[in-house]
Every structure is written in C-alpha cells, then in structure tokens.
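Quick notes on the structure that follows.
Each value in this text was obtained by applying a stated rule to the coordinates, not by laboratory testing. Just so it is clear, the model here is predicted, and its values are computed rather than measured. Cβ placement follows ideal geometry from the backbone for every residue including glycine, while neighbour counts extend to all protein chains displayed.
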Amino acid sequence: MPGPLDGVRVIEIAEGVAGPYTAMSLGDAGADVIKIEQPSGDRSRGWSPQTSAGASVTFQSLNRSKRGVVLDWSSGDDIETARRLLASADVAVVDKYALPARLNWDAIGNAGLVYCALSGFGPHGPWRNRPESELAAQLASEATASLGWLGEEPVRHGADIGSMYAANYAIQAICAALYARDDSDPSAPTGGQRIDVSLFGSLLAMRSTLWVALSNPDEWWGFHLDSYVKPPDHGYQCRDLPIYFSVARVDVDRFDALLDELGMEWARELPAEELQRLRTDGAGGTGRYAHELKKYWERGFANHDAAEVIEIVERYGCWAFPMHDYERLTEDPQVAAVAAVLAVEQSDGTMLRQVAPPWDFEGTPVEVNRSAPQLGEHQSEVLNELNA
C-alpha cells in the first residue's frame, strides 16, 4: 500500500546528518527521494565505523529509502540536469549555501517547489556564512550548559542533537508547506516557498522552556532550573541495576506501608524535616531535595532487584522505570513491541539493523525496503525518467 507521501518527489542535495535524515524520513513515509551527490560522495560515506564491505554504518543509517545520482558542479551540463530535477520536484532538501547560482531557490523556475535549506546558523546575521558544525551549534546555543558536574566544564551531547532537531523541524515545516501549497487557491501564481531551518535555531527552540524559567524565576528551583544547580541524575541503584524513581504521586497516607515493604522501617527515625521531605518530593527529577535524599532510597533499594522495586513502588502510585544501557535497551520487550529496530537488506546482501521510523501509519502503512544507494547506483534510471 502506498505511504502517505506517495507521489511526492524529493530532491536531496545534502551531506552529513540533518539534510539526509530529513529526506530519508520523507522517503520512509512513501516519497520518492533522489539524492544528488558530488563525485566524491557524501562526506559521511567515509565516517566510521565501517562494515566489512567498507560501507559507513552512519551513512547507511541516514540514507535508506532513496535513489542516488552523481552530478559534478564543475560541469555546466550536470548543473542543468540538477536544475531540471529540481524543476520536476515537489520538495528540495538542501544544506549548502555554496550551491551554483542556478540551483538557488529563486532560479529554479518551479513555482510549486517547497525548498528547505538547512544550515548551521541560518541565512542572516554575522554567523550566516559560518560552516555547519554540530559541536559549534551545541556550544553556541548553550545546549551543553546543563550537562556534566557542577564546577566543571560542560560536556557535549553524545548524539548529534542539533542536526536531529533541525531535521525534525524541517520535516514538520516541509509537510506544513506541502499542506499549504495543496490547499491554496488553484489560481494563485505560486504555492511553493523557501524554508530555512538551522541547527542553532533548533537548539534554541528545544531549550525554550529552560530559558523562560531562567528569565522569570520566582525562586531558584524547579524542574526547568534544576539542571543548572543539581548534580547529574544517574538514577537510583538497586541490587542489580539503576532505575528512575519518583514519589510525585504517592499516596501519603500509605507512605509508611511503602517504607515497610521496602524494608526501610529505619527511615521513620530520620529527623522530622528529612522524613517530611522524603514523604513529599524527595525523589525523581522534579523533587526539590531529591539529590540530598537519594542516599536513603538507595539504602533501601540495595536489598531488592530493580524489577521488584518497580513492582512495589508502582503499587503505591510512584513512577519507576529501568535506566537502560545499550544492551539492556535493545533487549527490552518494549523495544520489540513498538518495532523500534528493523533490519534492512544492503546492496551486498547483508542485513543492517537500524532504528525504525518513530511513527506508524495505520491507513497508509509503509515498509522500509530500500537500502542506502551506492554512489550513483540509480543514475541511468533517474536520468531516463527525467528525459522521458
């Protein structure tokens, strides 16, 4: 069955993470995505780790659901071919402002084109020509300020969050622009438009709740300020592994019974102020004094496995979840239940495990069945279609 974006043609001229993930997601939803690469290929083709066949796992995971062609910007004929492809498209995903002038938004001659340009810092201002850089965008946007230990230098996010946030905002913007185009007055001279999305702006948007709290604090505590003043939360260690735990919704009248079931009768002998804090908000990310009282909970949890603690505390209205590492996460039945991991056959016949699209369309389901293209793999096919 065709996906929800069946019939939409997307031309991608992008490298790295943000642009390729944007176009791949549109392809996962059923769009026909054609990726244009220079003869040297997307730079992520050289990123490690590599498969035994010499293919970058990162590139493979960002470029499924696409067809590929190679065009050389030093060739006027190839630039014209790219312009014709863009003129035939519904969507362009572009991440380089150094494109030839004939490939700029206002020179393509496609009034219905939704042209999404991704960049590091946006098309305006003193930083507009600075190169796209994940780490630079993280640092410049203050996205690392809430990580690490108090008094020490911040650390970067392990994932490319700026690129992934930008990609997800780009996907939303593209779908909104397609909706606006298709819902517009048929007599209107144009239904397409240019969209600009930056890593920097996307990271600012993702930190907006923290910034509002910083700008309007009645007092210096609360979930959206704590990350600046509390140590990192590594969970509550049980006998076997750590869990996330919160007493935010516990029935206070049954609190003593909870302590008894956890073998924490000794906690009732704590100083009155400490015990009151333990009863009310003494655990979890929203607890004002959670970092001070963690030692008491971990003393009780040390006598139980995580699964047992989770079962007990949830009966009393608490929240509790396992804190996974990679191995535990991939083996968790919840991951299998939501089909979060899929295996995609590669061009060499091997299977590559990848993260599945995070959505599921009931009425227009899509199967991801195309691996990342080898360099220029679909050249003749795409050019023959263009010239037909």
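Some values worked out for this structure:
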{"read-out": "Ranked list, fewest to most other Cβ atoms within 10 Å of each Cβ, for M24, M351", "value": "M351, M24"}
{"read-out": "Within the chain, helix-based [θ] at 222 nm, where runs of 4 or more DSSP H residues each add -39,500 (n - 2.57), nearest 500", "value": "-10000 deg cm²/dmol"}
{"read-out": "Global geometry of segment 31-146, whether rounded, prolate or oblate, following the gyration tensor of its Cα atoms and the 1.5 cut on a/c", "value": "oblate"}
{"read-out": "Gaussian network model of the chain, springs between alpha carbon atoms under 10 Å - residue of S56, S371, S141 with greatest fluctuation", "value": "S56"}
{"read-out": "Positive-end residue, the chain charge dipole about Cα centroid, Cβ charges, pick of F200, W149, A98", "value": "A98"}
{"read-out": "Burial ordering of D281, D183, fewest other beta-carbon atoms within 10 Å first", "value": "D183, D281"}
{"read-out": "Contact order relative to length of segment 235-322, as percent, for alpha carbon pairs under 8 angstrom and 6 or more apart", "value": "48"}
{"read-out": "In the chain, lysine pairs closer than 29 Å at Cα, eight or more apart or cross-chain", "value": "5"}
{"read-out": "Check: segment 17-174 dipole with +1 on Lys, Arg Cβ and -1 on Asp, Glu Cβ, in debye", "value": "200"}
{"read-out": "Residue order, fewest to most beta carbons within 10 Å, for Y316, Y326, Y115", "value": "Y326, Y316, Y115"}
{"read-out": "Relative contact order for segment 19-158, counting Cα pairs under 8 Å that sit 6 or more residues apart, in percent", "value": "16"}
{"read-out": "Ranked by how many other beta carbons lie within 10 Å on average, peptides 5-17, 226-238, 299-311 from highest", "value": "5-17, 299-311, 226-238"}
{"read-out": "Residue list for segment 271-294, given a label point 7 angstrom along the Cα-to-Cβ vector of Q334 and an amide N cut-off under 16 Å", "value": "285"}
{"read-out": "Average Cα contact separation per residue, the chain, under 8 Å, 6 or more apart, as relative contact order %", "value": "19"}
{"read-out": "Residue-count net charge about R268 - beta-carbon cut-off 12 Å; Lys, Arg +1, Asp, Glu -1", "value": "-4"}
{"read-out": "Within segment 78-171, trypsin sites (Lys or Arg not before Pro) in DSSP loop having at most 10 other beta-carbon neighbours inside 10 Å", "value": "none"}
{"read-out": "Charge-dipole axis of segment 235-322 as Lys and Arg at +1 and Asp and Glu at -1 on Cβ define it, positive-most pick from A257, A307, A272", "value": "A272"}
{"read-out": "Added length on full extension, which subtracts the Cα-Cα distance from 0.36 nm per residue, A159 to E381", "value": "76.4 nm"}
{"read-out": "DSSP bridge orientation in the chain - percent antiparallel, rounded to nearest 5", "value": "35"}
{"read-out": "Label point distance in nm, A205-E311, each placed 7 Å from Cα along Cα→Cβ", "value": "4.4"}
{"read-out": "Stretch gain in nm, segment T286-E261, where the contour uses 0.36 nm per residue and the Cα spacing is subtracted", "value": "6.6 nm"}
{"read-out": "Relative packing of peptides 255-263, 169-177, 270-278 - highest average C-beta neighbours within 10 Å first", "value": "169-177, 255-263, 270-278"}
{"read-out": "Kirkwood hydrodynamic radius of segment 235-322, from inverse mean 1/r over distinct Cα pairs, in Å", "value": "12.5"}
{"read-out": "Residues whose placed amide H lies under 5 Å from that of G120, excluding near-sequence neighbours", "value": "E132, L199"}
{"read-out": "Rg/Rh (Cα only; Kirkwood hydrodynamic radius) as it applies to the chain", "value": "1.06"}
